[in-house]
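Since the structure comes first, as C-alpha cells, the remarks are kept for the end.
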Amino acid sequence: MMKRTFKIALFVFWVVAVLLLIALTSVALAQTGTPPPTKQDVTADDVNRIAKQMYCPVCENEPLDACRTAACQQWRAQIGQMLSEGQSEQQIKDYFVARYGARVLAQPPAQGISLLLYVLPIVGLIVGVIFLVWLLRRLRARGTAAPVATPAPPSGDEYIDRVEQDLKNF
Amino acid sequence: MIVDLGLIALVIAALAAIYSFVMAILGGTQKRPAYIESARRAAVAVLPLLTLACLAIIVSNLTDNYSLEYTYRVSNSTTPTFLRITALWGGQNGSILFWNWLMSIYIFCVFVRPWKSNRDLLPWVIAVSIGTQAFFILLTIFFANPFARLFADAAGNISPSVFMPAGATLFRAADGQGLNPLLRHPGMIIHPPMLYLGFVGLVIPFAYAIAALIAKNKTNSWIIAMRRPTLVAWLFLSLGLLLGARWAYDVLGWGGYWGWDPVENSALLPWLTATAFLHSVIIQEKRGMFKILNMVLITLSFSWMILGTFVTRTGVISSVHSFARSSLGVPFLSFWAFSLVGAITLMAIRSDLLKSDNKLESFLSREAMFLLNSFVFLTIWFTVNVGTYYSMFSELLTGEKLTIGPPVYNQLVGPQVAALILLMGIAPLVAWHKSSPEALGKMIWKPAVLAVAVMVLLFVIGANPIFVAIGFGLVTFSLAITLTEYWRGMRARHKLSGENYFKAFTHLIARNRRRYGGYMIHLGVLVMGIGVIGSLNFQVQTQRSLAPGGQMQVGPYTITYERALTCDPSTGQMSADCAAWYIERGRDIAIVAGYMTIEKAGQAPVRVAPYREIFLNGTGELTPPGVLSTVGEDLYLLFLGEQSGFGTIKAYINPLIQFLWVGGIILVIGTLVAMWPTPTARRQTAALPERAVAVK
Amino acid sequence: MSESLPPENTPKKSEQAPVGRYFLAGLFGGMGLSLGMLIAIGVIGLFVVILALGLFRANQTQPTSGPAPDFELTLFDGYPGNAGQTPIKLSDLKGKVVVLNFWASWCVPCAQEAADLQATYAKYKDKGVVFLGVDWTDIEGDARNYLKRFGITYANGPDLGTKIGPRYHISGVPETYVIDRDGNVQFTKISPVTVAELSGVLDRLLQQK
C-alpha cells in the first residue's frame, strides 16, 4: 500500500504534468497559420510574418526576415508576390521547401525524420520520469515513523541556526 | 625578433606543461612529494610563458609587423591601438592562444601557493588540469599556430609557415587585411574573454572530481575546496551568455537576443550541467548522496565544454558564428572522446567510493527536490542537444539538411523551464530528510494563492495563450517565496538581536553568503524570466516605407521619418554630416542612417538614428537600432535603407525587456555575494571537518 | 497513520547479478554497474560516430577527379539546350563531354562568366559537348531574366530542394566542372571561367576516345 505522503506527492506531480502537457498542446495548436490577407495590397508586415518562420536558403542560420542580402530581399519580394496572388501561408512554405529543401523552415514539418525531433525529447522525458519515480520508490528508507519536518543539519553558523529555530516558531 | 621569442615561449610552455603532467603522475603514483612539488612549480610557470607569447602577438600588431600571418589577417595600418590589442582574439589562431592564456591563469591561481590541505589530491588535480592545458597548447602549436609567418617562394607565391621553407624568403606585406568590422564593437570585444573564462574554468572542478576518485578520497573536502573556482567559472560563463545576448540585441539588430544558434547552444549546454552540478554538490557535501550523479554532471560539463569549442572552431555545424573550416577536428574529437570515456571508466573502477552515505528518506525532502532539479536540468540539456545536433544527424541519415529554429526550442524547453521555476520556489522550503505535506502546505499556500490570483487576472485581461499566464504565475509564486525567505530571516534577526531591518538584512546575507547569495541568483533568474516571457510572447513588430515627413504608429508611439544619410567612403564623396559617423570608424565601412523622431502622448519627442553599417569587403552588415527604453518596454527601431526617397523603418516593441537585463545584473551580484570569502570562511581550510555548532 | 510496510523490495535478480553492486540515489541507481556503464559507453560511442561522420562531411571539398556525382535536373521550359529530354540524368550523358556550371541570378561573379559560357557553348555544342547550367537557390523569374540578359540558350534548370549542390560540396557560386565521356571529373573551377580556359579543356577531352 502506498504511503499517504507519496500518494499526495504523486498526485501533485501528475497535476503539474497534465498542466504542462496542456500548455505544450496549446502551443502546438496555436501555431496554425494566419489567414491570408484579403486585401490586394500586401504589407511588409504580412511578408515578415511568413519570412520570420523561414531561414535564408544561402546564409546559414539567418532568419529570412532579418537577412539583409540582395538574394534575401528577392525572396521576400517573392513571398509578397505570392501573397498578392492569394496564396496561403502553407502554400508559400511548401513552395519554398520544394525549391530549396526542408532546411528553409525554422520549424521542420512534423513528418518523416523530423518527427523524431519532437518525439525524442518527449519520449526521453516520459522515460526519465518513469525511471525517476521507480528510482525514488526504491530508495525510500524502510521502517519510517510518521513524517516529521526535521531540522536542517548544522550550517556552521550559530546565528543561522538560531534564525532557523525562530523561523520554526514563527 | 619578438615573434621568435613568442614562439619559443609557447614551445617552452608546452614542455613545462608536459613535464608537469608527467611529474604529477609519477609523484602521485610513487608518493614522492618532491616530484609533486616540481610538477606544481612547472604548472605555475606556464602563465608567465604564455603571457610572453600573447604579448609577442600584441607587439607584432602594434608595430605593423605584416610578415606575421596573424597580424596580416587581423590588423592593418588604420586599426586603432586598442583594437590591435583585442585583435589577439580576433582570429582563430590568436583566440586559441588567448584561450590557453586564460586557462593558465586559473591554474596559476589554484597552484601558486603550496597546498596546506588536500595534499592527497594535489598530484591528480595538477595532472588533469595541466594535462588539459598541455593538450590545448600542443593543439595551438601544431594545428593553429599564430606564429606562422608569410614566405614568398621563388615563383612569388606567398604562403604561411612556421618555419622557413627551403628556397623561400620572408615576405612582409605592405598592409594587413584589418580586423573584421564585426569585432570592433565593445560588446564583441568583451564577449569572448568572458565566455572563454567560463569555459576554461570548468577544468578546475573536473580536475578536483577526478582527483578525488583517483586518490580514493572519501571526504567531501574537495567539494569545499573547489566551490569557489567553480563559482568563478560559472559567473564568467553566465556573464558570457548574458553579454552575448545583450550584444546581439544592441548591435546585430534583429530585434531579439537569443537565436538558438548551434554555437550559442554550445555555450549553454555546459552551463546547464554546471548549474545542476553546483546545486547537487550541496547535497553531497551535506549528506554524502548523489555522488555518481555529480561525477556525471561535472564530466558532462567539462566534455561539453570541449565539444562546444570543437563545434565552434571546426564548423562541423555551420552557423553564423563558426570560424572557417580547419584541421582541428580530429584532435578535438579524440580528446573529447578520451576524456569522456576515461572519466566514466574511472567511475566504474572506483564505484565503491561513489556509494551513497545516506538513503533517500522521502519523496518530499530537500534531497529529492535537488534530484528532481538535476533531472529537469538534464532534460533541458538533452533537448538542446537533440536540437543542436539534429541537423547533422538528419543530414547523415537522409541527406536532407534541417534547421532547428526558435519555435522548436521554445515549445520544448519552455515547459521544462517552467518546471525549474516551480522547483526554485518549492525546494528551499522542503526540509532535509523528510518533510510533511502539511508543513510544506503551510508555507506555500499564501504564495500559491497569490500566484493563482495573478494567473487568473492575467488570463482575464487577455494574456493569451494560457501558458503565458501560467508562466507569470509560476514566477510570482517563486518570487514571493524567495523574497519571503529574506523577510523571515531579517525579521528573525531583528527579533533576536534588536538590529534595525537594514542591518538585519546585510548581516543576514553576510553571515550566510552561500544561501542568500544563492537566493539572490534565483531572484535574478526569476526577474529575467519575467523579461523573457514578456518579450517573447508580446513582441509587436511592424515595417513601413515612409516618405520624408511620413509617420507610422506603433502602439502608443508615433514615429516621424525625417531623412536618410548615406556615407560611402569608397565613392570618395561624403557630406559634412558624415564626419560625425567616422570619428571612430574605419573607412572600410559604409553607413546608411535614418533620422527619425519618436513621439508619445505627453512626452517630449526623442530623436534617434538607427543605421546600417555595411562592410565594404562584402562580408556582411550590421543594423544597430535606435532604442527608446522605458521601464515597461523598449521601442526598438531599425533603418533598413532608402529607395526612391522612401525610407524603410522596422519597429519592434519589446515588452518587459528591461527585466531581462536587470535580472542579469541581480544574478551577477548574487554570484559575487555567494562566492565572496567571509572572514570566518577564510580561516577555515578545506581539511576541517564540519564545525560542531552550539545550538541552544 | 501506521501502515504495513511494503515487503523487502530489492529484486532478487540484482542481488544475484555478477557485478552485483547498485548505487543509492544517483542517476544509475538500481542498475547493475555493468549495465549502466554499457549504456553510457554505447550512447557516447554513437554520438562520437555521428560527430566524426559530421566532421568528415564538413571537411569534404569539391570533387576534382574521379566519378562525378550523379543527379537529376529538371530543366526550365524553353531551355532544352542539347541535353535531351527533361529531366536530365547525368549518368544518361555518358559518351558525351559535359560542362556543369552552378550559378545564381543574385551572384555578381556569375555575371562575369555568363557570356563566356554561352560563347563556348556556341562553339562546341555540335561537337558532342553538353552544357548544363544548375541554378542554385534562386527564383525562377529572376533566373529567366538573367538567362535572357546574357542570351543563354543551353540547358538550364533549378536545383530543386538544393540537392545537387551538396552532392558536389559546393561552397558557393559560380563553380564549373568539366566531366569526360566516362563520367569522371577532369576540371574544376571555383571561380568564373573564361572561354580560353574552357576551350583548352574541352579540346583536350574531345581528343580522347
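The values are calculated or read from the model by the stated rules, or taken from the named source; none is laboratory data. Since the model is a prediction, treat every value here as computed from it, not as a measurement. Positions of Cβ are backbone-derived with ideal geometry, glycine not excepted, and every protein chain shown enters the neighbour counts. Accessible surface areas use protein heavy atoms only, side chains included; no ligands, DNA or RNA. Shrake-Rupley method; radii C 1.70, N 1.55, O 1.52, S 1.80 Å.
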By the gyration tensor of its Cα atoms, with a ≥ b ≥ c the square roots of the eigenvalues, what is the shape of the stretch B:630-680: rounded for a/c under 1.5, prolate for a/b over b/c, or oblate?
-> prolate
What is the stretch B:319-405 by shape, rounded, prolate or oblate, if you read a ≥ b ≥ c off the alpha carbon gyration tensor as root eigenvalues and call it rounded for a/c under 1.5, prolate for a/b larger than b/c, and oblate otherwise?
-> oblate
Report the full-extension gain for the segment B:Ser570 to B:Phe142: residue separation times 0.36 nm, less the Cα-Cα distance, to one decimal in nm.
-> 150.1 nm
Alpha-carbon spread of chain B, three principal axes, descending order, Å | 82, 74, 58
Could you tell me which of the pairs B:Lys355/B:Lys446; B:Lys116/B:Lys495; A:Lys52/B:Lys600; B:Lys218/B:Lys503; B:Lys442/B:Lys495; B:Lys116/B:Lys503 are separated by over 31 angstrom between their Cα atoms in the structure shown?
-> B:Lys355/B:Lys446; B:Lys116/B:Lys495; B:Lys218/B:Lys503; B:Lys116/B:Lys503
Cβ charges +1 (Lys, Arg) and -1 (Asp, Glu), total dipole of the protein assembly as shown, debye = 4320
Using the heavy atoms of the protein chains and a 1.4 angstrom probe, tell me the accessible area per residue for the protein assembly as shown in square angstrom.
-> 42
Considering every residue in B:352-361, what mean count of other chain Cβ atoms within 10 Å of its Cβ is obtained?
-> 5
Set Lys and Arg Cβ to +1 and Asp and Glu Cβ to -1, take the dipole of the stretch B:62-175 about its Cα centre, and tell me which of B:Ile130, B:Phe143, B:Ser161 lies farthest positive.
-> B:Ile130
Could you sort C:66-72, B:156-162 so that the peptide with the highest average Cβ count within 10 Å comes first and the rest follow in order?
-> C:66-72, B:156-162
Taking chain B and dividing mean pair separation by its residue count, relative contact order in percent (alpha carbons under 8 Å, at least six apart) | 10
Neighbour-limited loop hits for chymotrypsin sites (Phe, Trp or Tyr not before Pro), the stretch C:116-209 (at most 10 other Cβ within 10 Å; DSSP other than H, G, I, E, B) = none
Give the range of the longest stretch in chain B that excludes all GluC sites (Glu not before Pro) found in loop regions by DSSP and having at most 15 other beta-carbon atoms within 10 Å.
-> B:1-583
So what's Rg/Rh here for the protein assembly as shown, counting alpha carbon atoms and using the Kirkwood radius for Rh?
-> 0.98
Of the options B:Ala245, B:Asn220, B:Pro186, report the single residue whose Cα projects farthest towards the positive end of the charge dipole of the stretch B:165-271 (beta-carbon charges: Lys, Arg +1; Asp, Glu -1).
-> B:Asn220
For an R0 of 41 angstrom, estimate the FRET efficiency from the Cβ-Cβ distance between B:Phe82 and C:Thr188 and round to the nearest 0.05.
-> 0.40
Mean ellipticity per residue at 222 nm, deg cm²/dmol - from DSSP H runs of n ≥ 4 across chain B, formula -39500 (n - 2.57) | -20000 deg cm²/dmol
Exposure rank, largest accessible area first [C:Thr120, B:Thr558; 1.4 Å] = B:Thr558, C:Thr120
Distance from the stretch B:191-215 to the stretch B:82-138 (C-alpha centre basis), Å = 10
Overall dimensions of the stretch C:140-209 as given by Cα atoms, namely Rg and Dmax in Å = 14.0, 40
Residues of the stretch C:110-134 with amide nitrogen under 12 Å from the 7 Å Cα-to-Cβ point of C:Lys148?
-> none
If R0 = 41 Å, then A:Val123 and B:Asp250, at their Cβ-Cβ distance, give a FRET efficiency to the nearest 0.05 of 0.55
If only Cα atoms are counted, what is the Rg of the stretch B:406-500, and what is its Dmax, in Å?
-> 16.3, 54
Part-to-part distance (alpha-carbon centres) for the stretch B:385-420 and the stretch B:321-380, which is given in Å | 21
